[in-house]
Structures are given as structure tokens and as C-alpha cells.
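Everything on this sheet refers to the single structure shown next.
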Amino acid sequence: MANDSNDLLVTRDLKKYFPLRRGLNPFSRAERRFVKAVDGVSISIPRGKTVAIVGESGCGKTTLARTVAQLITPTSGQILLDGRDMLTLGRKEVYKNVQIVFQDPDSSLDPRKTIADTVGEPVRGLIGGNRRSVEERVMRSLAAVGLSEEQANRIPKQLSGGQRQRVAIARAISPSPKLLILDEPTSALDASVQAQILRLLIELQNQFGLSYMLITHNISVAQYLSDVVAVMYAGHLVEYGPTKVVMARPRHPYTITLMNAAPIANPWKRNLLNIEIKGEVASAINPPTGCRFNPRCLYAEGVCQKVDPPLEEVAPGHLVACHFKEKTVSVRIDGRTPPAIEAPQGS
Ligand SMILES: Nc1ncnc2c1ncn2[C@@H]1O[C@H](COP(=O)(O)OP(=O)(O)OP(=O)(O)O)[C@@H](O)[C@H]1O
Ligand code: SF4
Ligand SMILES: [Mg+2]
């Protein structure tokens, strides 16, 4: 993938393998086995833009997010932030620049602390300053997400689910990061609240020039929010390119299956969690040889079981990992564009 000075974050051949526990005999000579959750992922996130990561459950999206956020250490590969090797930066420097928002706001909110205290935590830990300057920053962050001074003195259970997700976002933006990693930021919320949070994320991006790494099962959310989409399958990146192009003219057989299967009666319900694809999801411990998608692929031929196809450019910025990508040149997806953001109906 070309490296552009406009890229805020770049991963190169990033891998995260989780060792499997050995059996009862710790001295066993049996080969050590791993869950290859992220296996050689290279992506770039341009400044002020959104890259969506999509793929079935278990394909490695959250592991990629946690590795990029330095919550876990990569097995190998590089992460560059503003051109600097992130693994050589101190954690404080990383967390000042990269913050993560999870699906469940309660995971990042202490039920006993006031909202102001919770939002102030990263400010005190990463930015510092006297009480007044911390308070000012907290109030600015809360105002940016639409919460009032009065709400700042409440505890989480005195707020609604949507308001709690606003607090999680305020907490994440409080140290003025450059990159927000959003792991399913709206999927735990009611439909109307989802719409408000999506709109808020767009406003914050415009206001602060934030870059987003957005993880979502919802194709319409990816379509609505992202500039670039990265499709993952069994720890690998299989397709990567401008969202409009990948959604309307996907070239990888896996992406084509996802886009075709996503129900379109209500475009906001185009959810990968509802999709059943023939065959088993590839094992992350013992993936199929060659192309990992081969046991499920309608286009597979002999070579697919032997040779893992590299990601190759099929158009500027559009990359596909498939031996037979010329077979999909004429594919067009009749997915409806999601309606205006006022009305996502469930996910
Ligand atoms: N700490 C861990 N130890 C061992 N295996 C793990 C660990 N975390 C994740 N995995 C495994 O890594 C693979 C990828 O998991 P991950 O949570 O990244 O998937 P995901 O794409 O985020 O899935 P979902 O859409 O369900 O959230 C899975 O096989 C999972 O079981
Ligand atoms: S390389 Fe072969 S198995 Fe893999 S997606 Fe392409 S055609 Fe299918
Ligand atoms: Mg996940």
C-alpha cells in the first residue's frame, strides 16, 4: 500500500497471534499453536478521514483495533503514527493521540464516579495542568458531545444509554487525540439514538479534524460514515478501497457475497451479523491453505488451495486479494444508498 504523507496512521504487515495454552504437559514438544487473529494487515488512515473495517464475527477487527491502540502488543509488523514508529513512542504519547470508544459505554465508565471525573481522567493522566484547566477541558469536551454542566455532576446510571455513549466519546476526545478508534460505537443503541450518535461523530470529525478507524457490522453505517473500507477475512485484508467503489462494484468474491447478502428492504438493516454464507468461517488456528476463503468461494479453482493471493491494485487505491479478480469486473451491486441520517431503523 502506498505511503502518503497525508496518512495519519499506517500499519505494515501487522500481526497479532495469541498463543494457545499448552496441554497438561508444559514440557510437551508438540508444536506451539496460535490463534492468528490479525495476520499481515496493512492499512492507511488519512488525516481527517474515516476508514471502516468490516467482516464477519471473529475475523480480527477488534484485535486489529486493540493492537493499533496499543492495548495489546503486536506479534510483528509496524504501526506508524505521523510517520513515527508507534512502538518506540511511550504509551502516554500514544494515548494522547489515539483513543478508543467501545460498543458498550459501561465498559469505560466507572459507575461510582461522576461524569466530570470520568471525562477528566485522561486529561489529568495525559495532559496534566491545574484543576481549573482540567475542568475547562472537561466542560469543553462535554459541550462538544452535547452534554450540560448539570449532567457533568451525575453518575452513569442517571443517564440514558445514548448519553452514556456521549460520555465515552467525550472522554475519548478530552486529551485532543488525532485518531479515534470506534469499535461498533452505535450497535448497542436504539435506532433513533444511533442516528444521533452517527451525526455527532460527523460533527466532531468536522470540528476537530479527527481521523476515525470505524469497526462495524452494519454496511449502511460504514457506507454513511467512511471514506475508505477495508474488508477482513480470517485475519487477512481481502479488499480495500474507496467506500463508494467497494460497495457498488466489489471485486473480491467475499465482499461480493457480503454486499449481495445484505438485505436492502430497509437499507439501515444491512447488517453482516444477519448474513449466512455457505460453509464454515475459516479457523483462526488452522486456516485453509492457499486463499483462506477457498472452501466457501464460488469462483475457486485448484490454485486457490495452494497459493495465497497477494493484495493487488485493480484501480487507483482499490486493492483486491484474489487470483481470479478479472472474473468479477462486471459485478454491480444494487444496494440502496442509506436514506438521510435522520432515520436509521435498527441494525
Ligand atoms: N485475548 C485473546 N486470546 C485468544 N484469542 C483471542 C483473544 N482475543 C481474540 N481472540 C480470537 O481472535 C479472533 C479474532 O477475534 P476478534 O475479537 O478480533 O474478532 P472480531 O472481528 O472483532 O469479532 P466480532 O465481530 O464478533 O466482534 C477470534 O478467533 C477470537 O476468538
Ligand atoms: S483466490 Fe480463489 S478462493 Fe480466493 S477469493 Fe479468489 S477465486 Fe475465491
Ligand atoms: Mg469485535
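The values are calculated or read from the model by the stated rules, or taken from the named source; none is laboratory data. Not measured: the values here are computed from a predicted model. Note: ideal-geometry Cβ built from the backbone for every residue, glycine included; neighbour counts use all protein chains shown.
Just one of the numbered conditions (1) modelled with pLDDT of 95 or more; (2) more than 16 Å from ligand 1 (Cβ to nearest atom) is not true of Y224: (1). Of the residues in region 176-188, not one is more than 23 Å from K61 (Cβ to Cβ), part of a loop (DSSP other than H, G, I, E, B) and over 20 Å from the mean Cα position of the chain (by Cα). The residue list R47, R22, R84 contains one member that is more than 21 Å from F102 (Cα to Cα) and modelled with pLDDT under 95, which is R22.
Exactly one residue out of P242, P177 is out of contact with any Gly (no Cβ under 8 Å at 6 or more places or on another chain) and either of a type outside the set (A, V, I, L, M, F, W, C) or away from ligand 2 (no atom under 16 Å from the Cβ) (or both): that is P177.
Residues checked against (1) within 16 Å of ligand 3 (Cβ to nearest atom); (2) at pLDDT below 95; (3) buried (at least 16 other Cβ atoms within 10 Å of the Cβ):
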position	(1), (2), (3)
V193	no, yes, yes
M213	yes, no, yes
M259	no, yes, yes
G279	no, yes, no
C297	no, yes, yes
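For region 285-306, a residue qualifies if it is among the hydrophobic types (A, V, I, L, M, F, W, C) and more than 8 Å from ligand 2 (Cβ to nearest atom), and exactly one does: I285. The C-beta contact set for region 64-93 (first residue farther than 18 Å from P46 by Cβ, second residue in a strand (DSSP E or B) and modelled with pLDDT under 95, distance under 9 angstrom, 6+ apart or interchain) comprises T75/F34. Within region 309-320, being more than 8 Å from ligand 2 (Cβ to nearest atom) and buried (at least 17 other Cβ atoms within 10 Å of the Cβ) holds for L311, V314, H318, L319, V320.
Taken across region 196-213, residues that are farther than 17 Å from L142 by Cα and among the acidic types (D, E) do not occur at all.
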